[in-house]
Amino acid sequence: MIPMESCNTQACQSAREIFHELEEYYDDHNLYFQTIGSVLEAATALNVPHRLKLILTQPKNEIMVHFPVQMDDGTWQLFKGYRVQHNNVLGPYKGGIRYHPEVKLDEVKTLSLLMTMKCALARLPFGGAKGALKIDPRGVSQHELMRVTRRLTAALGENIGPDYDIPAPDVGTNSQVMAWMADTYINFSGSSHKVTARSVVTGKPLEFGGSAGRDKATGQGLVYVLDALLPDMGIKLNESTCSLIGYGNVGSWTARLLQQRGTTLKAVMDHTGAIFNEAGIDAEALAQHVQTTGGVKDYAEAQAISNETFYATPVDLFIPAALEQMVDLEHAKHIQCKVLVEGANAPTTPHAERYLLDKGVEVLPAILCNAGGVTVSYFEWKQNRQSETWDEELVDERLKKTMTRSAERVLAMAKQLDCNMRIASYASAIEHINKVYDLRGVFP
Ligand code: NAD
């Protein structure tokens, strides 16, 4: 997941300087340093106080836990969990929990930083965090998954809470995992806190305090961003074509919602393989196939293609919606699209982005495109605390407003600073964070 490209961009230079000042380790090839580099580039363009750059450069807390769990066959396994809390000046820490066998601390740090930026850009009253557990969720039974999840929640203890740090689903976790986390947390809570205690996590099942529209929220938000930005680029959704990396929550919902708007899905790649159909792939039928078989491989209504052919398939919208850094410079040289829409977090390496921008491809950054998930998570948290239940129309209406305003902010900032959309989106987020630090001051 860590890109191996040497870095001499302005972003990397900004990061190198600040880590030198902090007398801290720095590595050009590491995703965290590259990401903070772009954030610092935006901060420099905005001319914010140096203290804000120092504050944003490192997360506030990096929590690492280890705990044993007995497996179904009687053996014991030791698990490693992370929770990185990047910044909470805007409100409680907020961010997903990822279950993946190869997860590393720097990846979690990067994702927590992106959450700070994402919540600030959308003007949500949350800070940024991310959590992870080193586990292959497909390789354990449901009972094992439940015990591990309960033990992780207990290990995190007071480091999470409805007013302090609120996890949500991410890669490898889902509403069931959130239900186990909430139940465990409620069992540890005093009797007078049990009602609000369930808002310790969002992305819960509908029947247990979840919000209408949360499942599809990230894909829905991405479509609203395209609604706001594509007309100026001369692209009509109902005449467009797209390809997707990843057909999980974000990928499959994006595909289904775009299909409803008339977009043709030409190619999909996931961890099982890549498929193509010139006439279009039925997004609903493919979602059914993935649900049953676990991946896009062997879908009967499309032909299997190589990963190289997948990247080279000409489309209007190329949408990475899987893991980090899946579009590197080599891939970028083959990609033929008008817009790269980041559904996943940090899917594009800095060199790939530079190459694509130079070629005239627009790159829409993740903190704008995939903020629909955390936005509806905020709606869920709000509904839980007010004992309300909103219907899907209300959720969609409010989501659309949030996503459209964020897109407009990014456009305005891109004009003001004469910069690309990624730097503009970070700059708009930083502008907001800076105002709040000015108002609050820095303790003591
Ligand atoms: P998911 O677990 O539901 O799906 C992940 C997808 O990635 C799967 O289709 C899997 O096959 C694919 N994948 C994994 N390894 C791959 C590989 N080597 N090559 C190709 N495909 C591969 O996860 P998700 O919730 O859809 O999240 C996807 C991305 O979106 C992540 O970056 C996540 O952080 C981000 N995101 C998710 C949400 C959300 O609400 N779920 C919100 C914001 C951002």
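The values are calculated or read from the model by the stated rules, or taken from the named source; none is laboratory data. These numbers come from a predicted model, not from an experiment. Neighbour counts run over all protein chains shown; Cβ positions are idealised from the backbone, glycine included. Keep in mind that these areas ignore ligands, DNA and RNA; they rest on the heavy atoms of the full protein, side chains included. Shrake-Rupley method; radii C 1.70, N 1.55, O 1.52, S 1.80 Å.
Considering only Thr110, Val436, Gln10, whose Cα is most displaced toward the positive end of the charge dipole of the chain, charges sitting on Cβ of Lys, Arg (+1) and Asp, Glu (-1)?
Value: Val436.
DSSP loop (so not H, G, I, E, B), at most 16 other Cβ within 10 Å: list which trypsin sites (Lys or Arg not before Pro) in the stretch 203-258 pass both filters.
Of the trypsin sites (Lys or Arg not before Pro), the ones in loops of the stretch 203-258 whose Cβ has at most 16 other Cβ atoms within 10 Å are Lys236.
What is the distance, in nm, between label points placed 7 Å from the Cα along the Cα-to-Cβ direction at Glu62 and at Asp391?
According to this spin-label approximation, the distance is 4.9 nm.
Can you tell me how much longer the chain between His193 and Glu408 gets when fully stretched, taken as 0.36 nm per residue apart minus their C-alpha distance, in nm with one decimal?
Full extension of this stretch gives 73.5 nm more.
Taking R0 as 51 Å, what's the FRET efficiency between Tyr164 and Asp298 from their Cβ-Cβ distance, rounded to 0.05?
Here the calculated transfer efficiency is 0.65.
For the stretch 85-98, what does the Karplus curve 6.51 cos²θ - 1.76 cosθ + 1.60, with θ = phi - 60°, yield as ³J(HN,Hα) per residue in whole Hz, taken in order and with x for Gly and Pro?
Result, rounded to whole Hz: 10, 7, 7, 10, 5, 8, x, x, 4, 8, x, x, 10, 9.
Roughly how many Å² is the accessible area per residue of the chain, as a whole number, for a 1.4 Å probe?
Spelled out: the 1.4 Å probe surface of the chain, per residue, equals 41 Å².
Using a Gaussian network for the chain with springs between C-alpha atoms less than 10 Å apart, which of these wobbles most: Ile97, Ile281, Ile166?
Evaluated over the chain, the most mobile residue of the options is Ile281.
Just need the relative contact order of the chain here, percent rounded to a whole number, with Cα pairs under 8 Å and 6+ apart. All intermediate terms of the calculation are to be shown ahead of the outcome.
Working: 896 pairs, mean separation 67.6, N = 444.
The value is 15 percent.
Points 7 angstrom from Cα along the Cβ direction at Gln10 and Gln70: gap in nanometres?
Reported label-point gap for Gln10 and Gln70 is 6.0 nm.
Name the residue farthest towards the positive end of the dipole of the chain from the options Ala304, Pro125, Trp180, assuming +1 on Cβ of Lys and Arg, -1 on Cβ of Asp and Glu, about the Cα centre.
Most positive-ward Cα: Pro125.
With just the Cα atoms defining each centre, how far is the stretch 12-31 from the stretch 342-404? Give it in Å.
When both Cα centres are located, 29 Å separates them.
Accessible area of the chain with a 1.4 Å probe: how many percent of it is carbon plus sulfur?
Working: 8980 of 18350 Å².
C and S atoms contribute 49 percent here.
Express the relative contact order of the stretch 47-112 as a whole percentage, based on alpha carbon pairs under 8 Å and six or more residues apart in sequence. Write down the numbers at each step before the final one.
On the way: 62 pairs, mean separation 19.8, N = 66.
That works out to 30 percent.
Collect residues whose amide H, placed 1.01 Å from N in the peptide plane, falls under 5 Å from the amide H of Thr241; neighbours closer than 5 in sequence don't count.
Thr264, Asp316, Leu317
Starting from the Cα of Asp418, step 7 Å along the direction of its Cβ; do the same at Gln142; then give the gap between the two resulting points in nm.
6.0 nm
Above 18 angstrom, tally the Cα pairs of the stretch 37-85 and express them as a % of all pairs, no decimals. Write down the numbers at each step before the final one.
Values: 658 of 1176 pairs.
Beyond 18 Å sits 56 percent of the P(r) for the stretch 37-85.
Over the stretch 94-171, with a single point scatterer placed on each C-alpha, what log10 of the ratio I(q)/I(0) does the Debye formula yield at q = 0.14, 0.23 1/Å?
For the requested q values the scattering log ratios are -0.48, -1.11.
Express the C-alpha Rg of the stretch 11-135 as a ratio against the empirical globular expectation 2.2 N^0.38 Å, rounded to two decimals.
Compared with the compact-globule rule of thumb, the stretch 11-135 sits at 1.19.
Based on alpha-carbon positions alone, could you give the equivalent ellipsoid semi-axes of the stretch 327-444 from the gyration tensor, as √(5λ), descending, whole Å?
Taking √(5λ) for each eigenvalue gives 30, 21, 13 Å, largest first.
Using the Cα centre of the stretch 291-431 as the reference point, and only Cβ charges (+1 on K/R, -1 on D/E), how large is the resulting charge dipole? Debye, rounded to the nearest 20.
In total the dipole reaches around 400 debye.
Just how far, in whole angstrom, is the stretch 96-121 from the stretch 208-273 if you go by their alpha carbon centroids?
Their Cα centres are 22 Å away from one another.
When Lys and Arg each count +1 and Asp and Glu each count -1, what net charge do the other residues less than 13 Å away from Leu258, Cβ to Cβ, add up to?
With Lys, Arg at +1 and Asp, Glu at -1, the net is 0.
Using just the helices of the chain, give the 222 nm mean residue ellipticity in deg cm²/dmol: DSSP H runs with n ≥ 4 each add -39,500 (n - 2.57), and the total is spread over all residues, rounded to 500.
Taken over the chain, the calculation gives -14500 deg cm²/dmol.
Sorted by mean Cβ packing within 10 Å, highest first, what order do the peptides 116-123, 268-275, 153-160 take? Mind showing how you got there, number by number?
Values: 116-123: 26.9, 268-275: 21.9, 153-160: 17.1.
The peptides rank, most packed first, as 116-123, 268-275, 153-160.
Can you give the log10 of the normalised intensity I(q)/I(0) at q = 0.09, 0.11 Å⁻¹, computed with Debye over equal Cα scatterers of the chain?
Each listed q corresponds, in turn, to -0.54, -0.84.
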